[in-house]
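**Q** Have a look at the structure that comes next, please.
The values are calculated or read from the model by the stated rules, or taken from the named source; none is laboratory data. Because the structure is a prediction, the values reported are computed rather than measured. No Cβ is skipped: glycine too gets one built from the backbone with ideal geometry, and neighbour counts run over all protein chains shown.
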Amino acid sequence: MYKSSSVSSSGSKCPKKIRQEQVIKKTADYVKKRLDGDSSGHDWWHVYRVWTLSKKIGDMEEADLFIVELSALLHDIADWKFTNGDETVGPKMAREWLESLSVDESDILHICKIIKDISFKGAGVNHKMDTMEGMVVQDADRLDAIGAIGIARCFAYGGYKNNIMHDPSFKPVAHKSAQEYLESKKTSINHFYEKLILLKDRMNTKTGVEIADKRHDIMIEFLDDFLEEWDGKDL
């Protein structure tokens, strides 16, 4: 475990800890280079925020931080939304990268499972993680989808996909499958109702729940203000 084996009895870093830090640094450099310049809201800085938050939540929840950090760094290396719904591309790329760094097979399996299962794929689709490390990274990823940054990312993604900002005639849909979620006609405002405001009640960890409460309220206030201005009721 990354947390428990990080320091030797003499107080110095053990070889395993040093090796893990090298793997994490190389992975961060790799992901930054690959995602730099993305304008969909799934860029390096999204990954950086998820990575940073994952470390904090993982420490609070006593998770294996080596698994947490690598999963956070690689979670959007090939997001399924940008691979025509193919959920295998991201885990495959992550595996190839981790194998090139001689990461243990058991760790690779764990990380790839987290990457495969992390994404929200519709209100009616089960997204439950089965390990603490997966829960930590999923919470961090979802927290970056809500609050002030979540609002900004929502409209960045909507613009990237040429989605309409708002049309009152388009009603939110509780998608029952990943395919339905991927293919449905979307507006940026409906995205709040179809995903973002649902996330507060789908956090896995105590720490995630505490952070989500504040960020959720920011979105609700924004939506109230937006719809009031849309109808000219703020006069």
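**Q** Pairs only if they're at least six apart or on different chains, beta carbon under 9 angstrom, first in the stretch 57-68 and at positive phi, second of a type in the set (A, V, I, L, M, F, W, C); list them, first residue then second.
**A** Qualifying pairs under 9 Å: 62/132.
**Q** Show me the helices (runs of 4 or more DSSP H) found entirely inside the stretch 88-168 where at least 3 residues are surrounded by fewer than 16 Cβ atoms within 10 Å (Cβ to Cβ). Quick ask: steps written out before the conclusion?
**A** Numbers: elements: 89-100, 105-117, 132-143, 147-160.
Result: 89-100, 105-117, 147-160.
**Q** Of everything in the stretch 169-205, what is surrounded by 15 or more Cβ atoms within 10 Å (Cβ to Cβ) and among the hydroxyl-bearing types (Ser, Thr, Tyr)? Give them in sequence order.
**A** 181, 187, 188, 193, 205
**Q** So which residues in the stretch 30-39 are under 14 Å from residue 77 (Cβ atoms) and not in a helix (DSSP H, G or I)?
**A** Residues satisfying the conditions are 36, 38.
**Q** Output the residues belonging to the stretch 57-75 that are surrounded by 16 or more Cβ atoms within 10 Å (Cβ to Cβ) and over 17 Å from residue 97 (Cα atoms).
**A** Selection gives 57, 58, 61, 63, 64, 65.
**Q** Also: Please go through the stretch 19-56 and pick out each residue that is buried (at least 17 other Cβ atoms within 10 Å of the Cβ) and of a type in the set (Asp, Glu).
**A** 38, 43
**Q** Which condition breaks for residue 229 when tested against (1) assigned to a loop (DSSP other than H, G, I, E, B); (2) more than 29 Å from residue 55 (Cβ to Cβ); (3) among the charged types (D, E, K, R)?
**A** Just one mismatch for residue 229, condition (1).
**Q** Which of the residues belonging to the stretch 195-228 are among the hydrophobic types (A, V, I, L, M, F, W, C) and within 21 Å of residue 114 (Cα to Cα)?
**A** 196, 198, 199, 203, 209, 212
**Q** While we're here: Would you call residue 103 β-branched (Val, Ile, Thr) and at pLDDT below 95? Explain how you work it out, then say what you get.
**A** Details: β-branched (Val, Ile, Thr): yes; at pLDDT below 95: no.
So residue 103 fails the test.
**Q** Still on this structure, I have one more. Name, by its number, the condition in (1) in contact with a Phe, Trp or Tyr (Cβ under 8 Å, 6 or more places away or on another chain); (2) modelled with pLDDT under 95 that does not hold for residue 234.
**A** (1)
Yes/no per residue for (1) among the basic types (Lys, Arg); (2) in a helix (DSSP H, G or I); (3) at pLDDT 95 or above:
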{"position": "42", "(1), (2), (3)": "no, no, no"}
{"position": "48", "(1), (2), (3)": "no, yes, yes"}
{"position": "54", "(1), (2), (3)": "no, yes, yes"}
{"position": "62", "(1), (2), (3)": "no, no, yes"}
{"position": "69", "(1), (2), (3)": "no, yes, yes"}
{"position": "73", "(1), (2), (3)": "no, yes, yes"}
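**Q** I've got another one for you. Six or more apart or on different chains, Cβ under 7 Å: which pairs go from a residue in the stretch 187-204 that's part of a strand (DSSP E or B) to one that's among the charged types (D, E, K, R)? Could you list them?
**A** 187/167
**Q** Further question: Can you spot a residue in the stretch 158-170 that is modelled with pLDDT under 95, among the aromatic types (Phe, Trp, Tyr) and within 17 Å of the chain's Cα centre (by Cα)?
**A** Scanning the stretch 158-170 turns up no residue that is modelled with pLDDT under 95, among the aromatic types (Phe, Trp, Tyr) and within 17 Å of the chain's Cα centre (by Cα).
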